[in-house]
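J.: Input: one structure, supplied below.
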Amino acid sequence: MHTMVWSYFLAYMVTVKNSTHGNFTDYSEILAENYVASSVIGDKEVKQAMLGEIDPNEMEKIMNVLLHDFFDKYLKGKDSQVLDTDEIPEDVILIRK
């Protein structure tokens, strides 16, 4: 009989400096330029870029490291080499719950 042993941390919240939600998709690699949406709220024009200023290659590297470690841990049962250690990439803020 296989018994699953849950680790202490059951959730991770990741923030990557100079990124937006759009950077956590393939948009960083696909878009030729950063789309900036604008709208008016009250009497102020507000602009929101789809992507942050992080280099697309750096974002891809960070995502690959974190996702690989996550899936190794939860699908393959391997010890975490990143998420549960202090070996977090420099531009990453990680909250464990």
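The values are calculated or read from the model by the stated rules, or taken from the named source; none is laboratory data. Here the structure is a predicted model, which is why all the values come from computation and not from measurement. Positions of Cβ are generated from backbone atoms using ideal geometry, with glycine treated the same way; all protein chains shown enter the neighbour counts.
J.: If you go through region 12-50, how many residues are of a type in the set (Asp, Glu) and modelled with pLDDT of 90 or more?
T.: 2
J.: A further question follows. Please work out which residue is farthest from residue 89 (Cα to Cα), limiting yourself to region 44-63 and to residues that are part of a loop (DSSP other than H, G, I, E, B) and in contact with a Phe, Trp or Tyr (Cβ under 9 Å, 6 or more places away or on another chain).
T.: Looking at residues that are part of a loop (DSSP other than H, G, I, E, B) and in contact with a Phe, Trp or Tyr (Cβ under 9 Å, 6 or more places away or on another chain), I get 50.
J.: A follow-up question, please. Considering only region 68-97, state which residues are loosely packed, with under 12 Cβ neighbours inside 10 Å and in a helix (DSSP H, G or I).
T.: 71, 75, 76
J.: Report every pair of residues separated by at least 6 positions or lying on different chains whose Cβ atoms are under 6 Å apart, first residue within region 27-43 and in a loop (DSSP other than H, G, I, E, B), second of a type in the set (A, V, I, L, M) and exposed (fewer than 10 other Cβ atoms within 10 Å of the Cβ).
T.: none
J.: With (1) within 22 Å of the chain's Cα centre (by Cα); (2) within 21 Å of residue 19 (Cβ to Cβ) as the list, and residue 74 as the residue in question, which single condition is left unmet?
T.: (2)
J.: Of the numbered conditions (1) at pLDDT below 90; (2) closer than 16 Å to residue 90 by Cα; (3) in contact with a strand residue (DSSP E or B) (Cβ under 7 Å, 6 or more places away or on another chain), residue 9 satisfies every one except a single condition; which is it?
T.: Residue 9 satisfies all of (1) at pLDDT below 90; (2) closer than 16 Å to residue 90 by Cα; (3) in contact with a strand residue (DSSP E or B) (Cβ under 7 Å, 6 or more places away or on another chain) except (2).
J.: For region 77-84, does any single residue satisfy the condition of being over 14 Å from residue 14 (Cα atoms), of a type outside the set (Gly, Ala, Ser) and free of Cβ contacts under 8 Å to residues at least 12 places away in the same chain?
T.: There is at least one residue in region 77-84 that is over 14 Å from residue 14 (Cα atoms), of a type outside the set (Gly, Ala, Ser) and free of Cβ contacts under 8 Å to residues at least 12 places away in the same chain.
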